[in-house]
Each structure stands twice: as C-alpha cells, then as structure tokens.
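Taking it in order: structure first as structure tokens, then the write-up.
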Amino acid sequence: MTTRGTEIPTATATPTTIAHDTRTKIVATIGPASESPEMLDELLRAGVDVVRLNLSHGTLESHLERVKAVRAAATRVGQVVAVLADLPGPKVRAGQFPQGGCDLVGGTTLTLVPGDGPSRADSITVDYPTVLDDLQPGDRVVLGDGAISFGVDSLTVDGAVCTVLTGGRVQGRPGVHLPSERLRLSTPTDDDLVLARAMATAGVDFLAVSFVRAANDLRLVREAIAPHETKLVAKIETMPAVTALESIAAEADAIMVARGDLGIECPLEDVPHLQKRIIRHCVEVGVPVITATQMMESMITSPSPTRAEVSDIANAVFDGTDALMLSGETAIGADPPAVVRTMVRIAGRAEAEASYAQWASRLGRVQRDHWHDDTMSVGQDRITMAITHAAGQAAADAGAHAILCCTRTGRTTRAMARFRPAATLIGLSPDPATVRTMSLSWGVRALEVGTYHSTDDLVWFAVERAVQSGLVQRGDTVLVLAGAPDRPSGASTDVLRIVKVA
C-alpha cells in the first residue's frame, strides 16, 4: 500500500450533470406513461439513476427500442444512467374468468383444477399440470397481488378442495402463487434465456432474474449470455431464496428485495424483518441492494403519497438500501416525474437522520470478525476490503471532501460504498459499462477517465477529472484509491493517497 500527501493543481471546472444530491439511488420503471423522449428527459433530470424495463409486459422489439431511447435521453441530459431489464420468470396463471369477473366470498368452497380451460367462482383452472401433486392440505394459495387467498382442505382425483380465506373480485387471468419450495418450475425459463441473450446483446447493464431459489439459477443465465458480461440482479421473492441468501449474494452482482411476492410467500409481518436482514447482509458483503414494490403506489393516481409510504421509504433508507425502486408509479402513473422528485425529497430527508457513522463502525467490527469466512479469505478481496476500511477512517480523520475510487470493474467502488462515507464518493473507470453500473451503488458519482500506465498518472488524472466535473474544488482534500495500472484487471486495490487540491 502506498500512502502519501500530494498537491494537484486545479483544472478548469466543467460541472457535471447530477440529477439529485441524495446518496440513495432511484430505479424507475418506464412504460406507456414515461417512454416518450420528453418524459424520459424529465425523469432523468428529476433524479432517476437506473431505468427498469419490465419484460413481463410488451414485446421484445418494444423493449429494444426503449434501450435505445434511454441511451439517447442520457446523452441529451448529459447524465450517467444504467438500464435494468427485468426477466419475467416462470408464471402460473388461472384460466380466464367470465367477462366482468367473479366475486369470491370468504368461507365458501371452491376447487382448483389443472388445465387451461375457463375459470368460475366454484372451480378455478390452473395452467400447472402437477398442481395436485405439489399441493398439500394446509397449504395457502394466493391469487394476483395477494388480496385473495385460499386454504387447501383436501386433495381428490378431480382437484384440490379449498376454502376461500380472503375473498374479493377476480377477473382476467390472474397469477396463482403456490408454495415455492415444492414447485417444479425452473428458473430461468427458456423464454427468460431468449430475452436475456437479446437484452445482453443490446447492451443493457443489468438483468434481473426472477424467482431465484439458488445460486445456480444465476450461473445458468451467465452461461447463456456469454461472452457478454451483463450484471445480474437476483430477485429475492421466495423463502428458499431467503434461506440461500449468502450463496445467492456471493454469485449475484446486485440483489432486489422483491417485497410483493415475498409478502405472499411468508406472513406479512415477517416482510419488514426480512428486508432488514437482506439489506444488512448485502451491505456487509458489498453487493448493491434494491428495495422494491409498492413504495409509492398511491401516486399512480394521487398527486402525493400516503404517510405510510413516506415512512416506508425513510425506513428503507435507514436500513441502508442502495436503491429504491418505482414500478407502476412511473410506468403507468399520472405524473412520473413528480413521483421521482417526491421520492428524492423523502430519501434526502431520511439520509440526514441516518446513522451512517455507526454503520461504518459496526461494519469494521463485522469485517474483522469474519476474516476466516471463504468470502473474505481470498487474498485480493481481503486486501481491497482492508484498504477501503482504512480509507473510510482516513477520510474522516483528514476531513476529506471526496474519496476517488479508480476501478476497472467497479469492485473498489462497491467495497468503499459499504462504509457509507460522509465524503463524496466518486467512481472513475475507463470502461463506459462499468461507469454505468456504478449508478446503482449507494452514494457513487460515476465518471469516465482514460487509461494510464503509472500510478502517478492515474492519481493525477483522476483528481483532474473530478475537478473538471465540478465534484471537487480548489482547497479540497481528497483520497484516491486504486490498483497499480500495470496489474491485471481484477487485481486488488493497493494504493491509497491523500491529495490536497491546490
């Protein structure tokens, strides 16, 4: 490790476009309400860091056009923006209900039947051939978003006899949620792999894999999209995924707390605690984590969120999430930019109260206590983790304005972001794809730089680039983290310098 003070002359400042000052990132889904060029520009200016494409809706061709549209908007606005394509995953659906729908009344009896025929109030078909083999008496089956549920009473040769636990009106072909630990559906599906290859070829930055139950589900997607190195987001939406969280996080490039389906899989009162547990683990191991589902759902139609939604966003920030995700609010909502601006304000206010210093102190202890773990015993990872820990403390002691992380893969920046430093966190990379993927990590302002052949040049031009962007100014003290330029990509970060900008 090299540590020394250096003075860098001030370059002419050219301010960079930064959509918002909050450290928590914003992921927004685009759809009919937000896909026009004018609306995309406004969304990015409002504070969107990552644009999500929900591949469960629309055609592949329409999503490929949206990728181009987002790239064009980012260029017009002058902003670093990543694209996340969310794979549909396996879907079990009920047969078509009569036009106008049916009312299912609590306490009444109905039968679940395998097949693809029409459904009625007393007999619901399910397009899952082995449904009778995979259900057991006492199981809970849920329709749609979880509002309607049944309890399985008994199994016969004709179907599963159920009692309606919570009733309501049902129409169309709603999804059917069965106990995931016994489902024979595979992830990824063949359709998922077709979409994954197409989106990776189109240059999306992240692929979100639905219904992940084990780390191998992610490996199958990686193999399918090779040689593309698109980052993978594992959606934690089943209890088997919660159980396998550590191995899934070790394989994933990011994690999504998909609270919608997770709340169907487990008792609702467990969801907040699982959210905290998942976020805490992801931050500890340096894997960006997104908190998703119904964060501001009332703003699909309302000009302001509910008080409960405001508290939900703030609590996700307090939990330490890297990013907050909007779905229908920006895809089909009445005023997508207003939703983003509101979320930015709520997140910023919560960050002012968050105990990031205590978090960093705790993380340092956790890191020391777990050096023997496989995930922390690999030489490269251990060195990077140690030097980022030291940099966090050095930045606080030196009163540093910014921490500059020079990285080819983004790993150094993600490792530094774990400590949630008070100093501005700047990620610099010569790889445009890496620059975009850093948009998902907490607090990171990503910049593109050239490739240099000596440590002195690397440090010098990193500081100059930060000054040109307007993120660093004359008189600031900054820390620069880097790996020696002549070492192979993926080598550990082993350079730390403290620089005074003259």
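Of the residues Arg436, Arg408, Arg414, the single one that is in the same structural domain as Gly450 (by TED's automatic domain parsing), touching an Asp or Glu at 6+ places or on another chain (Cβ under 7 Å), among the basic types (Lys, Arg) and not in a loop (DSSP other than H, G, I, E, B) is Arg436. The residue that is modelled with the lowest pLDDT, counting only those in the stretch 173-194 that are buried (at least 20 other Cβ atoms within 10 Å of the Cβ) and among the hydrophobic types (A, V, I, L, M, F, W, C), is Leu183. Residue under question is Met256, and the condition is that it be of a type in the set (A, V, I, L, M) and farther than 30 Å from Ile383 by Cα; does it hold? No.
Answer yes or no: is there a residue in the stretch 101-123 that is in contact (Cβ under 8 Å) with a residue 40 or more places away in the chain, in contact with a Lys or Arg (Cβ under 7 Å, 6 or more places away or on another chain), in a loop (DSSP other than H, G, I, E, B) and not basic (Lys, Arg). Checking the stretch 101-123: at least one residue is in contact (Cβ under 8 Å) with a residue 40 or more places away in the chain, in contact with a Lys or Arg (Cβ under 7 Å, 6 or more places away or on another chain), in a loop (DSSP other than H, G, I, E, B) and not basic (Lys, Arg). If you go through the stretch 266-275 and keep only what is under 16 Å from Ala241 (Cβ atoms) and out of contact with any strand residue (DSSP E or B) (no Cβ under 6 Å at 6 or more places or on another chain), you end up with Cys266, Asp270, Val271, His273, Leu274.
State yes or no: is Ala398 modelled with pLDDT of 95 or more, touching a strand residue (DSSP E or B) at 6+ places or on another chain (Cβ under 7 Å) and small (Gly, Ala, Ser)? Don't jump to the end; show me each part of the working.
Values: modelled with pLDDT of 95 or more: no; touching a strand residue (DSSP E or B) at 6+ places or on another chain (Cβ under 7 Å): yes; small (Gly, Ala, Ser): yes.
No.
Within the stretch 313-328, the set of residues being of a type outside the set (Val, Ile, Thr) and more than 17 Å from Arg45 (Cβ to Cβ) comprises Ala314, Asn315, Ala316, Phe318, Asp319, Gly320, Asp322, Ala323, Leu324, Met325, Ser327, Gly328. Is it the case, given these coordinates, that Thr230 is more than 29 Å from Leu135 (Cβ to Cβ), among the hydroxyl-bearing types (Ser, Thr, Tyr), within 21 Å of the chain's Cα centre (by Cα) and surrounded by 20 or more Cβ atoms within 10 Å (Cβ to Cβ)? Yes, satisfied. Just one of (1) buried (at least 23 other Cβ atoms within 10 Å of the Cβ); (2) over 27 Å from Leu274 (Cα atoms) fails for Ser302. It is (1). Here are some conditions: (1) in a helix (DSSP H, G or I); (2) in contact (Cβ under 8 Å) with a residue 60 or more places away in the chain; (3) under 22 Å from Ile236 (Cβ atoms). Val344 meets all but one. Which one does it not meet? Here Val344 meets the rest and fails (3).
Based on what the data block shows, is Phe211 farther than 24 Å from Ala69 by Cα and aromatic (Phe, Trp, Tyr)?
yes
Among the residues of the stretch 251-260, are any modelled with pLDDT of 95 or more and more than 22 Å from Leu326 (Cα to Cα)? Yes: the stretch 251-260 contains one or more residues that are modelled with pLDDT of 95 or more and more than 22 Å from Leu326 (Cα to Cα). Looking across Val242, Val221, Val283, Val271, one residue alone is under 15 Å from the mean Cα position of the chain (by Cα) and not hydroxyl-bearing (Ser, Thr, Tyr). It is Val283. Applying the criterion of being of a type outside the set (Gly, Ala, Ser) and part of a helix (DSSP H, G or I) to the residues of the stretch 160-182, the residue that is nearest to Leu112 (Cα to Cα) is Arg182.
Scanning the stretch 474-485 for residues that are modelled with pLDDT under 95 and over 25 Å from Ala386 (Cβ atoms) yields Arg474, Gly475. When Gly138 is tested against (1) surrounded by 14 or more Cβ atoms within 10 Å (Cβ to Cβ); (2) under 35 Å from the mean Cα position of the chain (by Cα), just one condition goes unmet, and that condition is (1).
Residue-wise test of (1) surrounded by 23 or more Cβ atoms within 10 Å (Cβ to Cβ); (2) not polar (S, T, N, Q).
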residue: Asp270; (1), (2): no, yes
residue: Lys276; (1), (2): no, yes
residue: Ile279; (1), (2): no, yes
residue: Pro288; (1), (2): yes, yes
residue: Thr293; (1), (2): no, no
residue: Glu297; (1), (2): no, yes
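Only one entry in Asp127, Asp192 is under 31 Å from the mean Cα position of the chain (by Cα) and in the same structural domain as Val242 (by TED's automatic domain parsing), namely Asp192. The set of residues from the stretch 386-405 being touching a residue at least 40 places away in the same chain (Cβ under 8 Å) and in a helix (DSSP H, G or I) comprises Ile387, Thr388, Ala390, Ala391, Ala394, Ala395, Ala398. Among the residues of the stretch 26-37, those identified as over 11 Å from Ala69 (Cβ atoms), over 15 Å from the mean Cα position of the chain (by Cα) and of a type outside the set (A, V, I, L, M, F, W, C) are Gly31, Pro32. Taking (1) buried (at least 16 other Cβ atoms within 10 Å of the Cβ); (2) within 23 Å of Asp261 (Cβ to Cβ) in turn, Gln96 satisfies each apart from (1). Does Asp191 satisfy being part of a strand (DSSP E or B) and among the acidic types (Asp, Glu)? Criteria not met by Asp191.
Screening Leu185 against (1) closer than 25 Å to Ser439 by Cα; (2) among the hydrophobic types (A, V, I, L, M, F, W, C); (3) in a loop (DSSP other than H, G, I, E, B) leaves a single unmet condition, (1).
The values are calculated or read from the model by the stated rules, or taken from the named source; none is laboratory data. Note that the structure is predicted; figures quoted are calculated from it, not measured. Positions of Cβ are backbone-derived with ideal geometry, glycine not excepted, and every protein chain shown enters the neighbour counts.
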